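Here, each number is a calculation from the coordinates, and none is a lab measurement. The structure presented is a predicted model; accordingly, all values stated were derived computationally and were not measured. Heads up, the Cβs are rebuilt from the backbone with ideal geometry, glycines too, and the neighbour counts pull from every protein chain shown.
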Amino acid sequence: MNRFGFLRSLSLRSAWDRVRRGTIVDSLSWWMIIIAAVALFGMMAVMGVYVVSRKFGMPVPGAFHASEQLMMIVFSFPLAAVALRKGHILFELIFKRFPLKTQARLELVSTLVGMLLFSIIAWKAWQVGGDSFAIREYKAGVMDFPVWPFRFALAVGLSVFALQLVVISSRLAAKLARGPKEAEKLPEVEGFF
């Protein structure tokens, strides 16, 4: 790579090519699942300390609220990575009886429906996050715990999931458009995990 190859890779056209291929969204999905794993570990650690400290009569203030809010990250951040790996629940009882081309079409339709529904849910989550930020929502207790950052985290997770569904549906549509032989091969996940 020459001296300016790195700078050229940062260009707007190069970024758009990566977005079109879905590599940025795929990478973002990978990092979000790591963040969710760290949040899950943090939630377990906080609740473990809380349980032990309760036995000694000195419970950690705000531990329950912290684990409750971290659940939003643990729930929403891995959705995009699970969609990329096709790890969601699929009822294959009838689905596998169709020809492969019909399966690919049904998968495209279901991905488009999911994209539409989760785009609406993400849009509403951004509204709820904005309202929560406007009033600086918090959980009252021994220690006031802010809620609004976690509302935004939920909106981010759902938005990336909807964006990942856009990428997946564009890949499926491209395979279906290439012809019957390509349509019979369902898309594979490359370079993930």
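Just so you know, the Cα atoms of region 15-184 work out to an Rg and Dmax of 20.2, 68 Å.
Placing a pseudo-label 7 Å from each Cα along the Cα-to-Cβ vector at residue 41 and residue 131 gives an inter-label distance of 3.6 nm. Ranked by the mean number of other Cβ atoms within 10 Å of their residues, highest first, the peptides 155-163, 129-137, 109-117 fall in the order 155-163, 109-117, 129-137. Each of 142, 46, 82 was scored by other Cβ atoms within 10 Å of its Cβ. Listed from fewest to most, they are 142, 82, 46. Taken one residue at a time, the phi angles of region 107-118 give Karplus couplings (6.51, -1.76, 1.60, θ = phi - 60°) of 5, 5, 4, 5, 5, 5, 5, x, 4, 5, 5, 6 Hz. Gly and Pro are set to x. Each part gets one Cα centre, and for region 105-123 versus region 64-98 those centres are 14 Å apart.
Approximating the spin labels as points 7 Å out from Cα along Cα→Cβ, the residue 55-to-residue 166 distance works out to 5.0 nm.
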